[in-house]
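Asker: One structure is given below, represented as structure tokens, and several questions about it will come after.
Bear in mind these aren't lab numbers, they're just calculated from the coordinates by the rules spelled out. No experiment lies behind these values; they were computed from the predicted model shown. Reconstructed Cβ throughout: ideal geometry from the backbone, glycine too, with neighbour counts over all protein chains shown.
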There are 2 protein chains.
Amino acid sequence: MSERTPAEASRDIPEATVARLPLYLRALTALADAGTARCSSEDLAAAAGVTSSKLRKDLSYLGSYGTRGVGYEVEFLRHQIAREIGQTQDHHVVIVGIGNLGQALASFSGFRSRGFRVVALLDAAPARQGDEVAGLVVRPFEDLAAVVAEHRVTIAVVATPAHAAQDVADALVAAGVRNILNFAPTVLSVPDDVDVRKVDLSIELQILAYHEQRKASAEVEEPDMERGLA
Amino acid sequence: MSERTPAEASRDIPEATVARLPLYLRALTALADAGTARCSSEDLAAAAGVTSSKLRKDLSYLGSYGTRGVGYEVEFLRHQIAREIGQTQDHHVVIVGIGNLGQALASFSGFRSRGFRVVALLDAAPARQGDEVAGLVVRPFEDLAAVVAEHRVTIAVVATPAHAAQDVADALVAAGVRNILNFAPTVLSVPDDVDVRKVDLSIELQILAYHEQRKASAEVEEPDMERGLA
DNA sequence: TAGATTGTTAATCGATTAACAATC
DNA sequence: TAGATTGTTAATCGATTAACAATC
């Protein structure tokens with residue numbers, strides 16, 4: 001491992017913390033919008049839905065941006081976190097697979113407001129090409145390399161059927177895209193330097209179903225909490 | 001804690017394992033479809049995208065369903081996992097908020113094939129009520145309690161704007177729904193016996209953006225991997 | 001100063017991993 | 001039996017939590 005200059009040191013931040021930083025950013029934005037200038041770790045933790053202990057531990061990886069006995073300046077902390085997670089610059093996104101889900105993602109306003117610009121929609125089906133979705137024309141999948149190069153795409157969203165996803169991923173990697181958000185219910189093989197995050201809707205429901213089953217059977221066994229061990 | 005009968009013992013399975021069981025189930029289904037009758041932990045792990053060590057550890061929480069020196073019977077193991085996660089029965093789902101995302105979720109075929117039946121679509125906006133989406137008519141949100149009772153709904157999907165999500169969650173809890181999949185970018189407060197899983201599309205992109213930023217700056221610092229420490 | 005709240009420490013907990021004895 | 005592969009153990013790693021010294 002080579003050393004880093006102190007400026008961009010940003011010592012290794014644990015993955016669990018990285019995953020929560022956007023949550024804090026959102027809570028801070030809400031506080032700022034509400035006109036709050038300063039908050040305690042307790043306030044911010046409540047707004048983000050975590051414990052204050054966890055929040056302070058997370059923030060400690062970024063630096064020392066609060067004031068003991070006082071709290072955090074909302075706008076200042078917001079800016080520090082935004083910088084840390086690269087929110088200060090725009091990211092160009094391509095969506096591949098413009099079915100129901102792809103269309104919904106293309107229309108999703110939450111991306112734009114967080115610095116993500118959807119620059120192209122691609123689909124392999126000629127029937128969909130030429131359609132206009134969310135102000136963009138659906139282009140042939142073959143345009144991928146050109147689109148990536150032209151718009152400096154850094155993130156791709158895969159919303160194709162499972163059987164097409166690996167081929168799409170291979171093409172994305174070949175085109176130089178190293179960050180993929182995968183909605184296709186399949187495992188993608190990619191080189192080590194490519195990050196894949198997976199959103200699997202069925203699996204989320206299956207996890208809930210597992211918990212529901214346990215709750216239901218617990219109720220049958222203990223119809224009355226007062227009963228004790230009889 | 002009360003004791004459980006051995007039959008439904010299902011000793012506490014770690015959450016991380018629960019989250020992977022659907023992955024194994026999917027991999028086993030694919031193997032069965034391909035006509036494979038038996039597989040090793042190595043085979044199955046590869047198909048599910050995990051290490052064989054992790055797979056065996058996970059399966060050990062369910063019981064001892066393999067044969068040393070031989071491997072696992074695909075169909076038998078598939079059935080055991082399906083039973084464990086409650087896949088053997090249907091779950092009734094209501095979707096609240098029928099915008100772009102809600103429509104896409106309503107049309108998503110992956111739910112149905114895994115035992116999830118979307119029984120109703122609800123939206124507070126009169127303009128959407130009466131629309132037909134994926135073969136269902138969009139009903140007023142006020143119908144919630146009636147729908148839950150009538151169809152024995154156990155899982156709700158919230159796809160409303162953030163500002164409406166907490167009110168929707170409160171109504172769901174009041175109606176007796178104890179499992180919520182939340183797509184609204186907001187923290188939901190619910191009682192302890194209610195499970196909420198969150199899918200946050202912007203946050204997924206933000207996490208990727210963080211990693212992208214680190215990759216990009218690493219390249220600037222080390223333009224040539226061969227250069228060494230100079 | 002006294003009261004408040006951060007940043008950090010140390011303990012605990014849960015998840016992952018590698019190795020191998022059990023056993024087909 | 002010899003070879004293969006599971007199921008389990010023990011070590012390691014990473015994340016969470018509670019407590020409190022530092023300090024505004």
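Asker: Where nothing but the Cβ of Lys and Arg (+1) and of Asp and Glu (-1) is charged, how large is the charge dipole of the protein assembly as shown around its Cα centre, in debye to the nearest 20?
Answerer: With Lys and Arg at +1 and Asp and Glu at -1, about 380 debye.
Asker: In nm, one decimal, shortest first: how far is the label point of A:S52 (7 Å from Cα along Cα to beta carbon) from the matching points in the other copies?
Answerer: A:S52 label point versus its equivalents elsewhere: 5.1 nm.
Asker: Assuming R0 = 56 Å, what is the FRET efficiency of A:D90 and B:R38, from their Cβ-Cβ distance, to the nearest 0.05?
Answerer: FRET efficiency, A:D90 to B:R38: 0.65.
Asker: Set Lys and Arg Cβ to +1 and Asp and Glu Cβ to -1, take the dipole of the protein assembly as shown about its Cα centre, and tell me which of A:F111, A:A16, A:L136 lies farthest positive.
Answerer: A:A16
Asker: Right, something else. Run through the other copies and list how far each one's label point is from that of A:G135, in nm with one decimal, shortest first; the point sits 7 Å from Cα along Cα-Cβ.
Answerer: Label point to label point, same position, other copies: 3.7 nm.
Asker: Please go through the range A:54-121 and write out the trypsin sites (Lys or Arg not before Pro) that DSSP classes as loop and that have at most 13 other C-beta atoms within 10 Å.
Answerer: A:R68
Asker: Further question on the same structure: Using only Cα atoms, locate the centre of the range A:121-190 and the centre of the range A:191-209, then give the distance between them in Å, rounded to an integer.
Answerer: Cα centres, the range A:121-190 to the range A:191-209: 18 Å.
Asker: Could you please point out the chain A residue with its Cβ nearest to the axis of the rotation taking chain A onto chain B, and the distance in whole angstrom?
Answerer: Axis relating chain A to chain B; nearest Cβ residue and distance: A:A104, 2.
Asker: Run the numbers on the range B:6-84 and let me know its relative contact order in percent, using alpha-carbon pairs under 8 Å that are six or more apart.
Answerer: 38
Asker: Moving on to the next point. Taking 8 Å as the Cα distance limit and 6 or more residues as the minimum spacing, I'd like the relative contact order of chain B as a percentage.
Answerer: Here the relative contact order equals 12 percent.
Asker: Let me check I've understood the local charge: for B:G49, count other residues with C-beta under 12 angstrom from its C-beta, Lys and Arg +1, Asp and Glu -1. What total comes out?
Answerer: +3
Asker: I would also like to ask the following. Taking each label point as 7 Å beyond Cα in the direction of the beta carbon, state the distances from A:R68 to the same residue in the other copies, shortest first, in nm.
Answerer: Distances between equivalent label points, in nm: 5.8.
Asker: Enter the Cα centre distance for the pair the range A:37-82 and the range B:67-107, rounded to the nearest angstrom.
Answerer: 39
Asker: Could you tell me which of the pairs A:K54/B:K215; A:K198/B:K198; B:K57/B:K215; A:K215/B:K57 are separated by over 22 angstrom between their Cα atoms in the structure shown?
Answerer: Those over the limit are A:K54/B:K215; B:K57/B:K215; A:K215/B:K57.
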